[in-house]
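In what follows, a single structure is set out as structure tokens and then discussed.
The values are calculated or read from the model by the stated rules, or taken from the named source; none is laboratory data. Values in this document were obtained by computation on a predicted structure and should not be read as measured data. Every residue, glycine among them, receives a Cβ derived from its backbone with ideal geometry; neighbour counts consider all protein chains shown.
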Amino acid sequence: MPTSAAGNDPRLTTHRGSPQPLLAKGFTLIELLVVLVLVALGASLVVLSMRDGPQQQLQQEADRLTSYLESAKAQARTSVTPLLWRSDDQGFSVSPVADLAHPLSRQAWLFPSTRSEPREWLISPEPVQAPMQLQLLQTTGGQLLLQSDGVGAFKVQP
């Protein structure tokens, strides 16, 4: 028969009536925070381990190359000097036609598997250029087309 004596509270005893207190049910705030930190670390490792696909790599190269070519066109116009854009397996460069041995700048490809066709393009100092198509390729199979009508800027075509 239960009594109301101190230490005889039925909520603090086990089901068998022993005087040991029941364990609290649920999680503490510290335990929840530790689990959240572990989940966040795992998610960040997964995100960091993901690589850009070939098409994203080509898009990055194309964006960079379009701004580089537009800069070279502006440089040819301001210096009234024709420039030659060249590419190879390592990267691309711009040189004055009169002094091909000394390029004005040399840039490496962001991704070593990138190539371009054609490999040379003459940049005229005239405001209106010849129309140009430049194809970016990757050895993994991706490709993008950069086009200019000779008046406007280069645009990336999928």
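Annotations for the structure displayed:
- Verdict on Q135 being surrounded by 12 or more Cβ atoms within 10 Å (Cβ to Cβ) and either under 19 Å from the mean Cα position of the chain (by Cα) or not in a loop (DSSP other than H, G, I, E, B) (or both): yes
- T140 fulfils the conditions (1) part of a loop (DSSP other than H, G, I, E, B); (2) over 25 Å from the mean Cα position of the chain (by Cα); (3) β-branched (V, I, T) except for a single criterion, (2).
- Residue match in the range 74-88 (condition: outside any loop (DSSP other than H, G, I, E, B), closer than 16 Å to P118 by Cα, within 21 Å of the chain's Cα centre (by Cα) and touching a residue at least 12 places away in the same chain (Cβ under 8 Å)): no
- Answer from L58, L83 - the residue that is closer than 30 Å to A130 by Cβ and modelled with pLDDT under 90: L58
- A count restricted to the range 117-128 and to residues that are touching a strand residue (DSSP E or B) at 6+ places or on another chain (Cβ under 7 Å) and either surrounded by 14 or more Cβ atoms within 10 Å (Cβ to Cβ) or farther than 14 Å from L84 by Cα (or both) stands at 3.
- Within the range 145-158, residues that are surrounded by 12 or more Cβ atoms within 10 Å (Cβ to Cβ) have Cβ atoms under 6 Å from residues that are in a strand (DSSP E or B) and modelled with pLDDT under 85 in these pairs: L145/Q157; Q147/Q157, counting only partners at least 6 apart in sequence or on another chain.
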